[in-house]
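So the structure is just underneath, and the comments pick up after that.
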6 protein chains.
Amino acid sequence: MAKRQTPEHDESSAEYQRGMAEIRKQLGPMADNYIRRIKSLAPEFAWVNVTFPFAELYPRDVIDLKTRELCTVAALTVQGFSQPELKLHINAALRCGNSRGEVAEIITQMIAYCGFPAATNALMTMKEVFDEIDAQSRPGKSKPKKRKIAAKERRT
Amino acid sequence: MAKRQTPEHDESSAEYQRGMAEIRKQLGPMADNYIRRIKSLAPEFAWVNVTFPFAELYPRDVIDLKTRELCTVAALTVQGFSQPELKLHINAALRCGNSRGEVAEIITQMIAYCGFPAATNALMTMKEVFDEIDAQSRPGKSKPKKRKIAAKERRT
Amino acid sequence: MAKRQTPEHDESSAEYQRGMAEIRKQLGPMADNYIRRIKSLAPEFAWVNVTFPFAELYPRDVIDLKTRELCTVAALTVQGFSQPELKLHINAALRCGNSRGEVAEIITQMIAYCGFPAATNALMTMKEVFDEIDAQSRPGKSKPKKRKIAAKERRT
Amino acid sequence: MAKRQTPEHDESSAEYQRGMAEIRKQLGPMADNYIRRIKSLAPEFAWVNVTFPFAELYPRDVIDLKTRELCTVAALTVQGFSQPELKLHINAALRCGNSRGEVAEIITQMIAYCGFPAATNALMTMKEVFDEIDAQSRPGKSKPKKRKIAAKERRT
Amino acid sequence: MAKRQTPEHDESSAEYQRGMAEIRKQLGPMADNYIRRIKSLAPEFAWVNVTFPFAELYPRDVIDLKTRELCTVAALTVQGFSQPELKLHINAALRCGNSRGEVAEIITQMIAYCGFPAATNALMTMKEVFDEIDAQSRPGKSKPKKRKIAAKERRT
Amino acid sequence: MAKRQTPEHDESSAEYQRGMAEIRKQLGPMADNYIRRIKSLAPEFAWVNVTFPFAELYPRDVIDLKTRELCTVAALTVQGFSQPELKLHINAALRCGNSRGEVAEIITQMIAYCGFPAATNALMTMKEVFDEIDAQSRPGKSKPKKRKIAAKERRT
């Protein structure tokens, strides 16, 4: 088989920058760390993560971000095993205009499509996200808590 | 073990009637046939199908029906094997105010969460639904086409 | 779209009380805490959890509880990701008359239907349940151990 | 890497014969055809199919066959995509002493663990099995119907 | 929310052309039709399908194509529901240098990781692919058979 | 139903010894502990674990071990929930001649077939394996680290 030509990547390209901007909009301050961590393990994985869903899929204006994120929460709920990704997207769903009640409601709706085991997994992940947000917003606790969360994130 | 007491069901109850009304709103004219078919196989399954998602979950006003149905399409897409149920809910999504473009868009978004195999399955199911709707709306063809679709429905 | 009518819930109803009685029969002393925890996160989720599987499905006398629980253990085993729910139902399976050997046997049978990864996950969850039961039954240790288990339960 | 030693197979061994006897007990007259068909595609697959679940797992007397088969129906139901295997095991469940009502009941119970899409798939597969059995038992129709079913089996 | 900027696509770009070349190498003569069909349903889906796995992932020279395709066959086997995609990739696996025996062997190996239901689904899909290839290579039959296969492809 | 005859096991048999030899080749020094732990929970599970995949499937010379293990890593990646088994097989993949880059590459390829949630789960599991190997190879740390890993293994 002939030598194959690995595509080159340019992080200063409009495509990559648009992807990073979109990730920051959704994930907030943890966005850059998240991608850096993945890049240290597998640069190609990180490149695809930035350019494919975030530079390509999410910026399209056919569906608004609030609805897109609720759909993603629904999808990750029924998978049952996507807890780390679900954490990111429950955060993103709240950041994009969904209320806590709407997140809880869509997880509850999913009982009908995935049963209780997967839906309960999602409910407990939702609780973790809400608890972390509450811990961060408590006065005088935000700095150390932030670090603890980052450590936890890495672990899951 | 003591004799267990099987709960009784009353199809004239407000709960059951609310569920049937909700199913008709979502599935349209095929709703009653769908439930009748399930009831002929397993009456308990049919009862739960009417009363739990449709009388209980969907009528809640926390999220509007249009968004709920798009979330369900997203969820069924990532499962990969839920083609018959996905057909019903793509129909319901259109009936509740989503455009064809929005349905195609959310299936496309799901590539990021379930990969191409499950997303392509959903895309082909979407095509089936669109084709059936188009066939039914063609002049002079609606009666025989309807019957063919019903037969197909039963088969999947 | 017209304003939707959210169904009202009455926890003193026969339906809800029958569900709670069934949960207590299956999960034992942890039942009330389990539902309370879910209710604090999403009241609708908790209501459905009590009324749908426990007030509606489990009390039916077509299949005895011992067999029902073994089937549930089998089902949760093949899912692979349902470890917290599987813990509850391995406990319930033992409480409803299954021996430890029968639980281990049905998990082993499932290798044929889900392969080793999911079956091994279930075997390790089974070990956790057995270890917790053994820890609780050791003389002079039941009180503090109980608390530790509850904390762990919350975490998964 | 050193040359690896592929294990030899002896279909006249006690192990293989015990497996075939068990398959015949569960699947009835279609058992030999089923294994022959697999063997023509992949002899190793067929050997493992006979010797691992049927010669090794099922003959153990820890759980009776009636319960084992009901557990398998539950497990295949929640998987959602195992329709051909589920057909075999609904047949086996009936053959091993389960009533149609018990099969319908356990599929219904599974709604709580896998949601409606997978459970409805299973219900429709159950209907196919019941219909085929009814068609075969009708007077004057058993011979041609039998052939038609075999053809269908091959197709799924 | 501010108006979002949908990314523009250029099918004459090096990226898109590299993707199409890669698809043709893997899928052979059916490649262009496959992408055209998807594009007619959802242009964004088709664009991502060409540019992300085929222009970006597959051309990298870290792992040779023969091994990549065998890994994909393994992965689609354990999913259980990815039969249409598995058909494409069994074809691709053969085209990239794997023998029929190697494809059957890796599906057989997967029994250990996904159990018999998913592995048997894959085995039957493998049989379909082999049968179609054999039908096409029979003298005097290639033209009509080709058309029939294309129709079938569209259906799954 | 007649009394069933539970098959007898002989760990000194050629079959069992071939299986154990294969496990040791793949898992290295942790192999014996792994099987012993499973045997203490469910002897039948352990017997099947040794004899079916390792004595029967893996020693066959149709595909070399390096490729087999990469396929297994691909398969466990798409499952999303098989993290403990994936850890074992990433270790085995490295031990059988795959580089770290090849493991990362195949996980990245799987994004196309399972999406980011499952692939990211696998990437994080890969990181754990690499970190544990690095910790063990640091001078003066190998002995205590080894023990810590064993404890962790037991926990997952």
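The values are calculated or read from the model by the stated rules, or taken from the named source; none is laboratory data. These numbers come from a predicted model, not from an experiment. Note that each Cβ is placed from the backbone with ideal geometry, even for glycine, and that neighbours are counted across all protein chains shown.
Being within 11 Å of chain F (Cβ to nearest Cβ) and touching a Cys at 6+ places or on another chain (Cβ under 6 Å) is the filter here; which residues of region A:54-77 pass it?
Within region A:54-77, no residue meets the criteria.
Take region D:78-105 and flag every residue that is in a helix (DSSP H, G or I), buried (at least 24 other Cβ atoms within 10 Å of the Cβ), touching a Leu at 6+ places or on another chain (Cβ under 7 Å) and at the interface with another protein chain (Cβ under 7 Å from one of its Cβ atoms).
D:Glu85
Could you pull out the residue among B:Asp61, B:Asp32 that is surrounded by fewer than 17 Cβ atoms within 10 Å (Cβ to Cβ) and either modelled with pLDDT under 95 or of a type in the set (S, T, N, Q) (or both)?
That would be B:Asp61, the only listed residue that is surrounded by fewer than 17 Cβ atoms within 10 Å (Cβ to Cβ) and either modelled with pLDDT under 95 or of a type in the set (S, T, N, Q) (or both).
Just one of (1) closer than 22 Å to B:Thr120 by Cα; (2) in contact (Cβ under 8 Å) with a residue 40 or more places away in the chain trips up E:Cys96, so point out which.
Condition not satisfied by E:Cys96: (1).
Residues in region A:31-53: is at least one of a type in the set (Asp, Glu), at negative phi and within 14 Å of chain B (Cβ to nearest Cβ)?
No, that holds for no residue.
Within region F:3-29, which residues are surrounded by 19 or more Cβ atoms within 10 Å (Cβ to Cβ) and of a type in the set (S, T, N, Q)?
Of everything in region F:3-29, just one residue is surrounded by 19 or more Cβ atoms within 10 Å (Cβ to Cβ) and of a type in the set (S, T, N, Q), namely F:Gln26.
Which numbered condition trips up F:Lys145, out of (1) surrounded by 24 or more Cβ atoms within 10 Å (Cβ to Cβ); (2) at pLDDT below 95?
(1)
So C:Asn49 clears everything in (1) under 25 Å from B:Phe54 (Cα atoms); (2) surrounded by fewer than 22 Cβ atoms within 10 Å (Cβ to Cβ); (3) touching a residue at least 12 places away in the same chain (Cβ under 8 Å) except one condition, right? Which one?
Here C:Asn49 meets the rest and fails (2).
Do we have C:Arg24 as at pLDDT 95 or above and basic (Lys, Arg) here?
Yes.
Considering only residues that are surrounded by 24 or more Cβ atoms within 10 Å (Cβ to Cβ) and more than 9 Å from chain F (Cβ to nearest Cβ), which ones fall in region C:113-126?
Matches in region C:113-126: C:Tyr113, C:Cys114, C:Ala122.
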